[in-house]
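Taking it in order: structure first as C-alpha cells, then the write-up.
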Amino acid sequence: MKRKISALLAILAVSLCSCSTEDTVVAPKQSLTRAAQNTDNYAKDENILQNYVCINKTDKQYYMSYQQTSEILGQVSPTNKARFEKRLEDLNRSIKEALKQPDQSIYLETRNDRYFSDNDDSITATQASNTQSFRIAYLEGNKTSFFDLFYANTHKAHSIIRVSTTSYDDPIQMTIHLKHSVAGKGTKRKVFIASPVRVINALINWTYQYPNGSQSSWPLNVTKNKNVTGTISFYPGHIGSLIEIQ
C-alpha cells in the first residue's frame, strides 16, 4: 500500500511541475499578443485623431478641433484619445521652450496644414527644384545629434527635410542650425521643427550671411530626438517669393 501511495504522489508531483512549466511558457506569449493588439488599436485611433489636429498660428501651438465630429471619431478609445492629447501637450511645451530662444524660427506641420514663422506660407516642399542637390545629410536613429561642414558655390540655398519617427509617444522634434546663414525673412539662424505627424516633408530657404568670395561654408548642426530618421537635402537657389536679407 505504501508503495502505491508513493507512486501516486510521484505522478502527481510530475503533473504539477508539468502544469507550472506550461504556464510559464504560455503567459509571456499571451502578454506579447495583448501588447501587439494594444499597439495596433492605438495606431488605428491615432490615424483618426491626426485629422483633428490644427495649428494656432498666433500662439504657435497645436490644438484638437472636434467641431466636425463623425461616427468614426466615436469609435476612438477614450484611453487612446487621452494618450494622443497628452503627447500634443508635451509637444506644445517643447515649442514654448524653443520660442524663448531669440535666434530661432518655428516650423509646424499637421496632416492638413503647415506653418513656418519666417517664410512665405505658400512655399511647400513639393515646389522643390529639379536641380541636383549639392549636399545630403543622413539622420540616423538612436542618435540625437549630427554635424557636417560643406562648401558650395552659392550664397542662397533651400533645404528639403524629409524625416519620420518610429515612436507613437515621441513625436518629431529637431533643431537645424546653419551657423553662417539665416532662414527665411528674419535673422533667425536656427529652425525648430515640431510635429505630431509621423512623417514630414518641409522646405526651408537659407541665405548665407557673408557673401564675399565664390564659395560659402555651411556648418550644419542638427539636434533631434533619437527616433527621428531621414534626410536633409540642400539645393542651390531659393524657392518661392522671399524678402532678401541685405
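Could you state, as a whole-number percent, how many of the C-alpha pairs of segment 36-112 are farther apart than 18 Å?
The answer is 46 percent, as a whole percent.
With a ≥ b ≥ c taken as the square roots of the eigenvalues of the C-alpha gyration tensor of segment 150-229, please select rounded if a/c is under 1.5 and otherwise prolate if a/b is larger than b/c or oblate if it is not?
It comes out prolate by the Cα gyration axes.
Under the √(5λ) rule applied to the eigenvalues of the Cα gyration tensor, what semi-axes describe the equivalent ellipsoid of segment 192-236? Give them in Å, descending.
So the three semi-axes of segment 192-236 are 27, 12, 9 Å.
Read the figures in this text as sums done on the coordinates, not as results from a lab. This is a predicted model, so every value here is computed, not measured.
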